[in-house]
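Trainee: Handing you this structure, nothing more for now.
The values are calculated or read from the model by the stated rules, or taken from the named source; none is laboratory data. None of the values given here were measured: they were computed from a predicted structure. Note that we place each Cβ from the backbone using ideal geometry, even for glycine, and neighbour counts take in every protein chain shown. Note: accessible area is taken over every heavy atom of the protein model, side chains too, but ligands, DNA and RNA are not part of it. Shrake-Rupley method; radii C 1.70, N 1.55, O 1.52, S 1.80 Å.
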Amino acid sequence: MIKLATLTFNPFGENTYILFDETKRCAIVDAGCSSDKERQTLVSFIEKNGLTPVVALNTHGHVDHICGVEFVKKRWGIPFALHRNDKPILETAHCYADMGFDIGTIPAVDIDLADTAEIPVGNSTLHIIQTPGHSPGHIVIHAPEAELLLTGDLLFKESIGRTDLPGGSYPALMDSIIEKVIPLGSDTRIFPGHGPQSTIAHEVMFNPFIVEALRGDVNYKACETYEN
């Protein structure tokens, strides 16, 4: 059974997740450690718990979610998995150096999540679901046995991800939530890229963006989207 740990890093308060099972193999999701102190915090957690990282897995390519990936790749010699549609975003990471991100080398992508439906971690399997909207290559990570979903910046507790950045699309984001996330079941726990966890049941009841879409108050499919 998959277990999850959360470490919050960098100036944007980004949630980095470690997913592991009884084999002690783990996936590091959205490695956002941006300083030596934060990188040591990650290493200490991995070593203290006797974990063996097998993949650096990202929901998307924005700078606050990838600033620790190159460190993770080198430290443990593991591949980096990202959807190819987010590679152009990944390659702009140096543009955010003045916001406190010491990027160094842009990590090379080893696994294209556009062509990958599952990522094995020990005896467990992580399911990759394509959910564009916040970015064109955004994905979410589902562990159905544990009823947990890592939503990146697609869906937050009582809010949604921004869609005004290059490649963003409000209609696509809402379609991803309504058509792909909500059907995963009301008991599914969601763990977003920022902020506290929630459940799908809570979001269906209290997330204003979802409530208005489900009631038909807003025809999100007809809304204008960001143009690059």
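Trainee: Go through the stretch 54-70 and report how many residues are touching a Cys at 6+ places or on another chain (Cβ under 9 Å) and either surrounded by 22 or more Cβ atoms within 10 Å (Cβ to Cβ) or under 18 Å from residue 151 (Cα atoms) (or both).
Mentor: So the answer is 4.
Trainee: Working only within the stretch 71-90, note down all residues that are closer than 20 Å to residue 25 by Cα and either out of contact with any Asp or Glu (no Cβ under 6 Å at 6 or more places or on another chain) or among the basic types (Lys, Arg) (or both).
Mentor: 71, 72, 73, 74, 75, 76, 77, 78, 81, 82
Trainee: Just give me the residues in the stretch 186-213 being outside any strand (DSSP E or B), under 19 Å from the mean Cα position of the chain (by Cα) and within 19 Å of residue 19 (Cβ to Cβ), in sequence order.
Mentor: Matches in the stretch 186-213: 188, 193, 195, 196, 197, 200.
Trainee: Being buried (at least 24 other Cβ atoms within 10 Å of the Cβ) and outside any loop (DSSP other than H, G, I, E, B) is the requirement here; does residue 16 meet it?
Mentor: yes
Trainee: If you don't mind, another one. Kindly establish whether residue 74 is loosely packed, with under 15 Cβ neighbours inside 10 Å, of a type in the set (D, E, K, R) and in contact with a strand residue (DSSP E or B) (Cβ under 7 Å, 6 or more places away or on another chain).
Mentor: no
Trainee: Find the strands (runs of 3 or more DSSP E) located wholly in the stretch 114-155 whose residues include 1 or more that are open to solvent by 10 Å² or more (accessible area, probe 1.4 Å) and without any contact (Cβ under 8 Å) to a residue 40 or more places away in the chain, and list them.
Mentor: Per the criteria, 118-121, 124-130.
Trainee: Still on this structure: In the stretch 200-219, which residue that is crowded, with 18+ Cβ neighbours inside 10 Å and not hydrophobic (A, V, I, L, M, F, W, C) is farthest from residue 143 (Cα to Cα)?
Mentor: Of everything passing the filter in the stretch 200-219, 207 is farthest from residue 143 (Cα to Cα).
Trainee: Now for a separate question. What is the number of the single condition among (1) crowded, with 20+ Cβ neighbours inside 10 Å; (2) more than 13 Å from the chain's Cα centre (by Cα); (3) modelled with pLDDT of 95 or more; (4) not in a strand (DSSP E or B) that residue 26 does not meet?
Mentor: Of everything listed in (1) crowded, with 20+ Cβ neighbours inside 10 Å; (2) more than 13 Å from the chain's Cα centre (by Cα); (3) modelled with pLDDT of 95 or more; (4) not in a strand (DSSP E or B), residue 26 misses just condition (4).
Trainee: Limited to the stretch 156-168, what total is found for residues that are under 12 Å from the mean Cα position of the chain (by Cα) and assigned to a loop (DSSP other than H, G, I, E, B)?
Mentor: Total satisfying the criteria: 1.
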